[in-house]
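Q: Pasting in a structure now, in structure tokens, and then I'll have a few things to ask.
The values are calculated or read from the model by the stated rules, or taken from the named source; none is laboratory data. In this text the structure is predicted, and so the values were computed from the model without any measurement. Here the Cβ positions follow ideal geometry from the backbone for every residue, glycine too, while neighbour counts run over all protein chains shown. For the accessible areas, the whole protein counts, side chains as well, though only heavy atoms, and no ligand, DNA or RNA atoms are used. Shrake-Rupley method; radii C 1.70, N 1.55, O 1.52, S 1.80 Å.
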Amino acid sequence: LLYIGCDFYNLNKDGDRNKEVFINSMTGMALNPPKVLVDPIWQNSELNDYGFYSEWKQIIVKKMSFVGGARVDFINSKIDKPSSQFVDEYGNLKSKSDLTYNLTASIKYQLNNNTSLQLAAGRGTRSPNLTERYINHLNIGQDQYEYFGNPHLKPEVNNQMDFTLTKKFGDINVHANVFYSYLKNYISAAEDTTLPRLFMPSMMPKYTKRFLNIEKASQAGFEIGLVGNIFSFIMLSV
């Protein structure tokens, strides 16, 4: 079987943070009338992704099958209303384009009617999302830091290998998996002492976290899962 397809994804975000300041948090002085501040958070940012993909399934012998796949994405991102903070940090921003590709291959061997083994390897690429590219001094929930986007981020690349054992017990499927993953340009965020926080600057932490690429990283682990029907109307997934 050969599958061929294409898809398109568009995301646009815009919005400001409007603040009325009644008391100067650093001096305690009351402001009358209150000071009104407007912070552009999303800066009218946009991301477009044009994807093309295919998958090939082939039975090699009676108990062995092969699956291979490939995907190419053309990604374009831009901001139409850059904030003064972004202009100060990155200058006159233009739209950014990325070309990414993904490859996968797996071989599955059916030991018997209830047990199978699978070895899979692949290269997966994740382009930075709008938050990682363009967020402007916003606390996005992971911690107490404000976060600042980086429009120059490179796509994150994951090279991974998996080995999976699947066994069926009646209506219950149990699987165990071990994996190793080697990543390049891993996207993370770190405190930047050149970038003071913008909202309530007298509060801690004093600085903002900026998104960045980590050149190399690795992950390894395992997982065990169970899926099946307990009754005709109840499914269990663990």
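Q: Taking H as built 1.01 Å from N, whose amide H comes closer than 5 Å to the amide H of T208, not counting residues under 5 places away?
A: It is D192, L195, R197, by chain and number.
Q: When only the heavy atoms of the protein chains count and the probe is 1.4 Å, how do D39, D171 rank by accessible area, highest first?
A: The ordering from most to least exposed comes out as D171, D39.
Q: So what is the relative contact order for region 1-157, in percent, with contacts set as C-alpha pairs under 8 Å and at least six apart?
A: 18
Q: Here's a follow-up. Points 7 angstrom from Cα along the Cβ direction at K19 and V38: gap in nanometres?
A: My value for the distance between the label points is 1.6 nm.
Q: What residues of region 36-64 lie in the reach of a label at S95, counting those whose backbone N is under 18 Å from a point 7 Å from the Cα along Cα→Cβ?
A: 43-52
Q: Related question: In percent, what relative contact order does region 21-102 have, based on Cα pairs under 8 Å that are 6 or more apart in sequence?
A: Computed value for region 21-102: 26 percent relative contact order.
Q: Let me cross-check I172: its accessible surface, 1.4 Å probe, with only protein heavy atoms counted, in Å² to the nearest 10?
A: 40
Q: Still on this structure, I have one more. Taking all protein chains as present, what is the carbon and sulfur share of the accessible area of region 113-156, in % to the nearest whole number, probe 1.4 Å?
A: Ligands and nucleic acids excluded, carbon and sulfur reach 47 percent.
Q: Next question. Tell me the mean residue ellipticity at 222 nm calculated for the chain from its helices only (DSSP H runs of n ≥ 4, each -39500 (n - 2.57), averaged over every residue, nearest 500).
A: Value at 222 nm, helices only: -1000 deg cm²/dmol.
Q: Taking 24 Å as the cut-off for C-alpha to C-alpha distance, list the pairs among K13/K216; K108/K216; K35/K206; K81/K184; K154/K216; K19/K206 that go past it.
A: Among K13/K216; K108/K216; K35/K206; K81/K184; K154/K216; K19/K206, the Cα-Cα distance tops 24 Å for K13/K216; K108/K216; K81/K184.
Q: Stretch A70-F231 to full length: gain in nm at 0.36 nm per residue minus the Cα-Cα span?
A: Length gained between A70 and F231: 54.1 nm.
Q: With a 1.4 Å probe and all protein chains kept in place, how do R126, R71, R133, R197 rank by accessible area, largest first?
A: Result of the area sort, largest leading: R126, R71, R197, R133.
Q: Using 0.36 nm times the number of residues separating I60 and L31, minus their current alpha carbon distance, what extension gain do you get?
A: So the chain would gain 2.8 nm between I60 and L31.
Q: Another question about this same structure. Classify region 170-217 from the C-alpha gyration tensor, please: rounded if a/c falls under 1.5, else prolate or oblate depending on whether a/b exceeds b/c.
A: oblate
Q: Counting only C-alpha contacts under 8 Å and six or more residues apart, can you give the relative contact order of region 59-139 as a whole percent?
A: Once divided by the residue count of region 59-139, the mean separation gives 32 percent.
Q: Round to the nearest 0.05 the FRET efficiency obtained for N113 and L11 when R0 = 41 Å and r is the Cβ-Cβ distance.
A: Efficiency, from the Cβ-Cβ distance: 0.35.
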